[in-house]
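The values are calculated or read from the model by the stated rules, or taken from the named source; none is laboratory data. The structure displayed is predicted, hence computed values, not measured ones. As a convention, Cβ positions derive from the backbone with ideal geometry for all residues, glycine included, and neighbour counts pool all protein chains shown.
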């Protein structure tokens with residue numbers, strides 16, 4: 001595949017995601033609104049910290065008041081010190097000025113600390129809320145949305161909001177108060193000069209409104225571009241061995257460089273608009289100050305105002321100009337934050353398609369006498385299912401299957417037959433479009449998700465390990481398990497010996513996705529996890545496929561012991577491992593073709609016969 005083809009494929013994925021986001025934020029959507037309306041829902045995360053907000057606002061007003069008082073201090077220094085020619089008065093006014101500056105430093109410390117604390121705290125709460133939402137969304141959502149974009153919302157977007165709440169918002173409020181207070185003091189100091197400033201302020205607001213909207217749109221696009229970079233890099237790093245085995249390092253460098261350049265081009269346009277905004281505000285602001293200085297200087301020369309009044313007026317004028325410039329800068333930041341807030345709120349507003357019922361039924365205690373053996377443990381009744389990402393192709397069609405309590409049932413068939421889909425429906429990762437799944441005679445839709453999944457232990461063909469130590473990965477099956485229970489589970493899964501040989505034993509870090517272990521070792525850790533959970537229903541997706549012959553023998557023995565008095569469903573690719581199953585279900589193209597024991601299926605099922613012949617003949621040749 002050429003670089004251009006590679007980039008085109010990634011661009012199509014990117015465009016699809018952007019289209020989905022655009023549709024979710026259509027004109028009719030309440031989330032698409034002005035920057036301020038987009039940010040308003042974020043206030044709900046601030047409400048629990050009213051006390052800190054009140055203190056921060058108090059010190060914000062305090063520092064604004066002290067800052068405004070400095071203008072009068074400047075007037076006193078000029079009129080009572082310099083012009084009066086009195087060293088004593090100059091010393092007194094300077095000491096007063098120093099005292100005011102100390103008060104300003106005192107208030108600034110508490111204002112900065114409280115606002116920064118608030119920004120960090122709210123950012124942490126939003127990040128937690130987003131993560132809590134993500135891990136409870138239905139699995140089909142992750143088929144249609146990229147993990148890199150979700151990670152961008154967790155990190156980049158929340159960090160930007162933290163900056164807004166903890167810093168920019170404080171600056172904006174302070175500048176707003178300084179702007180209002182400065183205008184009042186300007187009127188008090190000199191009415192004529194103030195009118196010059198008042199006439200110029202609306203002219204300064206025009207570029208803020210004009211360029212601000214452009215900055216907001218480009219900021220949202222820039223955030224999407226950054227998410228694309230994260231997604232692309234994460235996918236390549238995760239599959240680095242495949243990249244290197246095909247000698248695609250140069251190709252991927254070029255393709256990633258193209259993605260980075262696209263993001264840079266978007267950022268460059270955003271920076272250009274913000275630069276125009278700042279330049280226009282500074283030009284208009286200081287042009288107005290220059291005109292005001294000329295008019296004021298003429299009045300001082302004519303004796304219509306004192307030098308101190310002009311000095312104070314210049315101080316307040318610069319304060320107003322600085323406040324306007326700060327508000328303009330923060331306005332641009334708010335436009336960027338609005339894009340982040342919209343993305344986060346769009347995610348927080350999602351509802352999972354798979355939820356627990358408001359009033360759920362209770363299952364009898366696992367393997368207790370209250371659980372009637374006359375009621376089938378698991379039932380699939382008249383079941384049809386289509387994956388949301390493939391709505392035109394039936395993954396399962398007219399499935400009817402009953403599994404008795406304590407039975408071991410094997411699902412066999414070619415790839416794509418629907419075996420794994422049966423596991424996913426049983427754990428209620430998806431709901432069927434027609435029919436139902438029963439657990440001990442109760443529809444799983446009437447059970448809480450936690451109760452349903454507590455009943456089951458899953459050992460996948462490709463085990464998933466977390467970036468932690470061995471102890472954590474095994475204890476994932478039972479977080480409150482003792483160390484002795486964890487070691488016992490590892491022994492029963494024949495994992496204890498190799499774990500002891502690791503550098504720190506059970507405290508050894510396994511790396512990302514358990515990269516420091518072999519395939520067979522990872523499989524045995526996953527089996528230990530299932531053994532520790534001690535579930536009522538075992539789901540084994542060819543759990544011994546990655547083991548060598550000796551380990552397979554011991555682990556199979558452990559699994560045979562574990563399966564006693566439990567209902568077990570095995571996805572079997574190697575038929576030799578399931579010839580002693582109580583029932584074998586032959587599947588093809590999403591349908592159940594035949595059921596029976598190994599011996600009966602050899603007589604009645606042509607597909608099963610063919611699968612056996614292929615595998616057993618291959619085994620003989622090897």
Out of 255, 267, report the one residue that is in contact with a helix residue (DSSP H, G or I) (Cβ under 6 Å, 6 or more places away or on another chain), under 30 Å from residue 322 (Cα atoms) and in a helix (DSSP H, G or I).
-> 267
Can residue 135 be described as loosely packed, with under 15 Cβ neighbours inside 10 Å, closer than 21 Å to residue 315 by Cβ and assigned by TED's automatic domain parsing to the domain that holds residue 307?
-> no
Would you call residue 537 surrounded by fewer than 16 Cβ atoms within 10 Å (Cβ to Cβ) and touching a residue at least 60 places away in the same chain (Cβ under 8 Å)?
-> no
Unmet criterion (only one of (1) over 30 Å from residue 318 (Cβ atoms); (2) over 29 Å from the mean Cα position of the chain (by Cα); (3) surrounded by 13 or more Cβ atoms within 10 Å (Cβ to Cβ)) for residue 255 | (2)
Which numbered condition trips up residue 462, out of (1) closer than 12 Å to residue 355 by Cα; (2) surrounded by fewer than 18 Cβ atoms within 10 Å (Cβ to Cβ)?
-> (1)
Residue that is nearest to the chain's Cα centre (by Cα) [pool: residues in the stretch 316-326 that are surrounded by 21 or more Cβ atoms within 10 Å (Cβ to Cβ) and at pLDDT 75 or above] | 323
Residue 531: passes all of (1) at pLDDT below 85; (2) within 34 Å of the chain's Cα centre (by Cα); (3) closer than 20 Å to residue 572 by Cα but (1)
Residue 505 being at pLDDT below 85 and either farther than 20 Å from residue 577 by Cβ or in contact with a helix residue (DSSP H, G or I) (Cβ under 8 Å, 6 or more places away or on another chain) (or both) | no
Run down 579, 570 and say which single residue is crowded, with 17+ Cβ neighbours inside 10 Å and either assigned to a helix (DSSP H, G or I) or touching a helix residue (DSSP H, G or I) at 6+ places or on another chain (Cβ under 8 Å) (or both).
-> 570
Considering only the stretch 515-531, state which residues are in a helix (DSSP H, G or I) and surrounded by 23 or more Cβ atoms within 10 Å (Cβ to Cβ).
-> 523, 524, 525, 526, 527, 528, 529, 530, 531
Evaluation of residue 589 against (1) modelled with pLDDT of 90 or more; (2) under 21 Å from residue 378 (Cβ atoms) (one fails), failing number | (2)
So residue 74 fits all but one of (1) at pLDDT 80 or above; (2) surrounded by fewer than 20 Cβ atoms within 10 Å (Cβ to Cβ); what number is the exception?
-> (1)
Do you know which residues across the stretch 426-445 are assigned to a loop (DSSP other than H, G, I, E, B) and under 23 Å from residue 389 (Cβ atoms)?
-> 427, 428, 429, 430, 431, 432, 433
